[in-house]
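Report on the following structure.
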Amino acid sequence: MLLEEFIIYGVVFLFCGLVIWIYLRKEARQSKLTEAKIEKAVQDGTFEPVSLHPVIDLTTCIKSGACVEACPEKDILGIVNGRATLVNASQCIGHGACFQACPVEAISLVIGTERRGVDLPHVSQNFETNVPGIYIAGELGGMGLIKNSVEQGEAAVESIVQSKFKSEPDHYDLVIVGAGPAGISASLTAKKHQLNTLTLEQDSLGGTVFNFPRSKVVMTAPMHLPLHGKVKLYNTSKSELLDLWHGVIGKNQIKVQEHTKVEEIQMIPSGFMVLTQGGESIKAKNVLLAIGRRGSPRKLGIPGEQLEKVAYRLLEPENISNKKVVVVGGGDSAIEAALSLIDENEVTLSYRSEAFSRLKPQNRVNLEDAIKRNKLNVRLKSNLTSIQDRSVFLQEEHSAEPVELPNDLVYIFAGGELPTQFLQKAGVQITKRFGYTVKSHR
Ligand SMILES: Cc1cc2nc3c(=O)[nH]c(=O)nc-3n(C[C@H](O)[C@H](O)[C@H](O)COP(=O)(O)OP(=O)(O)OC[C@H]3O[C@@H](n4cnc5c(N)ncnc54)[C@H](O)[C@@H]3O)c2cc1C
């Protein structure tokens, strides 16, 4: 071999070695970063999936990384040793973009895990439950996302129309419970078919979208909104989407009764009796449940809780200043709400237990810091006993009489009542699904 050839081969060999070395170093750095994120996710309690999430078949995965790139949410997936792995699985909202992006179909979308089951109602292909006349659409049935819910709301009402039910005097043809994406789309479809319909919403029009703690909304594909047409909002904001809902509902003169929680659905010989928290009894031939999976905020059941100054979520803390605020609760939501208000307001945090447990590590650090700086008045082992216009009464375990605190606003974070009990009361069958595959092939 000539010396020149030897040098050329040597250079090529060295170059290839360098490329491989750079690649392996990058992979090792990436793995380290992902492992640190996983460790944090475990500490924060976001590592284990709670509902829909991707499951990666490592024997098929070819290390393309396409799934990680495609996910519109942050850090749901990561790469360790070149292969995809779950990081913050509980934050997956089911865009399914990873599933679509994988070039070798190594990803399945699964609900629940072997250890943690998810309650899912029985729904037939035409969206009817085991109770004839009660239908389910949207996230409650297991499949999340705005687009899916909109499609299902429309399809469910089309099924109701096709069932050729007989209208009854004094009965609505259809009562829709919930005005999120599924309920809105169902209401529009019902209007299109001129069904005598009433939509009841415990909160405000918009559903979970309205409660998003972030303003960004992602839709990976265009959606069809009945009586409106194609909606192409890929990266949009919460307010833009809400404007769209309000516009189309208003334009079509659809009746959505807000701040009306449905407590119970009873079967009667002529159909259903829908009972609301406010004491209304509404007769319906069909009921469509579009109530999502987040349930209803648990109330304390104390005098004054109906006052306008009481809320169960905190939407724009930056707009609240110079107020005397009481936050009730000891979970992450309560702590985060209280901490977001301490700079501009006088905040008291009331919690019935003697210590905060299972907090995200960062929340615990911030809480301790706020207490140290005298920014937050924490009252452990205390219960709110009544709420007045300008004050609240707080019963502390160590004192005989409740103490009165001047007050402008009350935020209650006492957990939620899951829709499971509500469904069971209505006779809808529920099954716990442990690792139920929703999608495994395109
Ligand atoms: C933080 C977060 C971010 C998300 N981001 C996106 C995103 O970017 N893109 C996307 O496509 N999806 C996103 N999703 C998912 C999406 O919001 C849901 O899949 C979708 O809103 C489900 O629609 P739905 O109509 O089935 O239920 P929901 O939107 O949950 O609406 C249900 C409605 O029913 C009402 N209700 C419940 N019980 C009763 C009752 N007893 N009586 C009367 N009313 C009742 C509720 O108040 C609510 O308004 C996100 C979800 C979360 C939590």
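Here are a few things to note about the model shown:
Condition check ((1) within 15 Å of the ligand (Cβ to nearest atom); (2) among the small types (Gly, Ala, Ser)) across all residues:
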residue: Ser149; (1), (2): yes, yes
residue: Gln152; (1), (2): yes, no
residue: Val157; (1), (2): yes, no
residue: Val161; (1), (2): no, no
residue: His171; (1), (2): no, no
residue: Thr189; (1), (2): yes, no
residue: Leu195; (1), (2): no, no
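- Within the option set Leu77, Leu52, being open to solvent by less than 30 Å² (accessible area, probe 1.4 Å), touching a Leu at 6+ places or on another chain (Cβ under 8 Å), modelled with pLDDT of 90 or more and of a type in the set (A, V, I, L, M, F, W, C) holds for one residue only, Leu77.
- A Cβ distance below 7 Å, combined with a sequence gap of six or more or placement on separate chains, defines the contacts here; from the stretch 165-184, residues that are more than 20 Å from Leu244 (Cα to Cα) reach residues that are assigned to a helix (DSSP H, G or I) and open to solvent by less than 50 Å² (accessible area, probe 1.4 Å) in the pairs Leu174/Ile160; Leu174/Ala190.
- Filter result (closer than 26 Å to Glu139 by Cα and without any contact (Cβ under 8 Å) to a residue 60 or more places away in the chain) within the stretch 282-330: Glu316
- Taking strands (runs of 3 or more DSSP E) as the structural unit, those lying wholly within the stretch 240-301 and holding at least 1 residues that are exposed (fewer than 15 other Cβ atoms within 10 Å of the Cβ) and within 14 Å of the ligand (Cβ to nearest atom) correspond to 262-268.
- Applying the condition of being in contact with a Lys or Arg (Cβ under 9 Å, 6 or more places away or on another chain) and modelled with pLDDT of 95 or more to the stretch 274-295 and asking which residue is nearest to Phe210 (Cα to Cα) yields Thr276.
- Test: Gly206 is open to solvent by less than 70 Å² (accessible area, probe 1.4 Å) and closer than 22 Å to Val118 by Cβ: no
- The number of residues in the stretch 302-315 that are within 16 Å of the ligand (Cβ to nearest atom), part of a loop (DSSP other than H, G, I, E, B) and over 24 Å from Asp119 (Cβ atoms) comes to 2.
- Test: residue in the stretch 190-202 that is among the small types (Gly, Ala, Ser) and open to solvent by 20 Å² or more (accessible area, probe 1.4 Å): no
- If you go through the stretch 132-158 and pick out every residue that is open to solvent by 10 Å² or more (accessible area, probe 1.4 Å) and among the β-branched types (Val, Ile, Thr), you end up with 1.
- Number of positions in the stretch 226-239 that are exposed (fewer than 14 other Cβ atoms within 10 Å of the Cβ) and at positive phi: 1
- Taking the listed residues Asp389, Asp343, the one that is of a type in the set (D, E, K, R), without any contact (Cβ under 8 Å) to a residue 40 or more places away in the chain and in a loop (DSSP other than H, G, I, E, B) is Asp343, with no other qualifying.
- Only residues that are of a type in the set (A, V, I, L, M) and assigned to a loop (DSSP other than H, G, I, E, B) were counted across the stretch 191-227, and they come to 5.
- Filter pass, Glu39 being within 16 Å of the ligand (Cβ to nearest atom), surrounded by fewer than 18 Cβ atoms within 10 Å (Cβ to Cβ) and of a type in the set (D, E, K, R): no
The values are calculated or read from the model by the stated rules, or taken from the named source; none is laboratory data. Predicted model only: the values in this text are computed from it and were never measured. Neighbour counts are summed over all protein chains in view; Cβ atoms, including those assigned to glycine, are modelled from backbone coordinates with ideal geometry. Accessible surface areas use protein heavy atoms only, side chains included; no ligands, DNA or RNA. Shrake-Rupley method; radii C 1.70, N 1.55, O 1.52, S 1.80 Å.
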